[in-house]
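Reading through the structure tokens given below for one structure.
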């Protein structure tokens, strides 16, 4: 039988080797005109400056937490925590560095063919996806071998979740402050096209695509991937009596199998004759899912000799696909809900928003039903084994390499389109990038749905791990205190979302004021005879994002610590259950409604209505600005909130039980 450690290490090394080949291929592509390189340079400089300041801000908090963990839990947990934070940030930074090089090359390739532009953009995304998964897999494997302490690995998951929280919130606030500010002044007030070079916020908007949708999402999926392996290994240690040591290593073997399947799916994501671009990406996704299921069957029988574990993992894959297809239906370009939103927009912005909210609420139902069915089915077919829920959870992760590739494809194309517009590239190339951007927007919505699906089942695994560690068999919901904390937990995601959405509004308001000022005070700017002060808008977005990301992060970390130490392990458990329940529903709603608003706007932009029905176009732009902070700030951040609450509860449990 294949050695699980050798297999895990080999796949991780292979993934990094593939990343190196992808980067080499991308860097060999043409970078376009001098003006295109100049605009790409603005984006790269702004992105690097923001990330450096973000790391310095996080660095003010991390050392103190590491010291606290050292005295509370020992050096192993502290070291694992530092590794989790560091690798999460490194994964995001490496991926962002690759994508900021792929964007200008994608823009250049669009002047040659749409297929070539698509391939370069997707390879840039693939480098990000494989970097995230490989670093997580190798990092956890190395810590398991060197520390030989599964409980200490909770520190790694906690560190990854904490870094992801700040990266996603900060990056999301940054990108949507710039995006909303640019749209409200440029499109609504001055009737300018997307990414008009006269708009002072345009570079900040393009920078935001990288720090939010690339670096932020990279850290986000890193923590998702890592948390699932850590909790899976810890819970697996309770099943060594049945499966032997393989019960602990099997989560790593599963994730390695998913990476291999993702590499194959990535190879298929290219332009195919007779297939649209969206269907080409769908082919890669379905191939990844199929190969993941096949691989899962063979490793389940080889390492565990239990077909029930295969069925459990396959149910996780199926539930993930349901969540993805539901997101595609409710958000896809030209889908019935999007066309209905466009139709209602003829009545103004209010009608656009009302219809969008209706579909967004509706789109939360099927994914949750599918996820709960996967959990219950796994539990039943395995003879009521909690380990089967672990398998279902990690089953949702098996496509993460491909999913992250598709997610990053979106902002790369968005950046490429912006570079093309600001650089004055011919219209045919811009139209090609516009079509790819619409596909990328739907893929981003699908990725968010995927991540929320994975996060929801992860919550079950974290609960199970927490219950087992705390030796809790049932919750006393007849106890008024426990019931009260259940409702308090359900309210937490609403407060958290309020903070992140409000922070975006603050940043967008400052951006609107600055763009208006430059139009008012810069001679010749309206006529295109002067260059706006792009750096000023980049600085505004940076300062707002770094300041506003602190309070939501402290809420996510502080709430379980305070409740656990004040009331005890059972009460802490009810708080987390309430928070995760409402966060999952809100997350699906935010992600779907925001993406539907965005594609409704793009649907109108692809027609003559931009000029012939300006009222309808303005209504869709307003709807898009309302949806932006929902889908790109609050929604993704809720996913991290769910996991950070659970990982924090697991981390502080020993202190809570001693208190």
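Scanning region 549-559 for residues that are under 23 Å from residue 208 (Cβ atoms) and surrounded by fewer than 22 Cβ atoms within 10 Å (Cβ to Cβ) yields 550, 551. Helices (runs of 4 or more DSSP H) fully within region 555-659 that include at least 3 residues being closer than 20 Å to residue 328 by Cα: 569-605, 614-629, 635-658.
Considering 579, 566, 503, 556, the condition of being closer than 28 Å to residue 157 by Cα and free of Cβ contacts under 8 Å to residues at least 40 places away in the same chain is satisfied by 566 alone. Checking each residue in region 326-362 for being closer than 13 Å to residue 599 by Cβ and not in a helix (DSSP H, G or I) picks out 332, 333, 334, 335. Scanning region 138-161 for residues that are surrounded by fewer than 24 Cβ atoms within 10 Å (Cβ to Cβ) and either touching a strand residue (DSSP E or B) at 6+ places or on another chain (Cβ under 9 Å) or part of a helix (DSSP H, G or I) (or both) yields 138, 141, 142, 143, 144, 145, 146, 147.
Quick note: the coordinates plus some simple rules give every number you see, no bench work behind them. Everything quoted here is computed from the prediction, not taken from an experiment. As a convention, Cβ positions derive from the backbone with ideal geometry for all residues, glycine included, and neighbour counts pool all protein chains shown.
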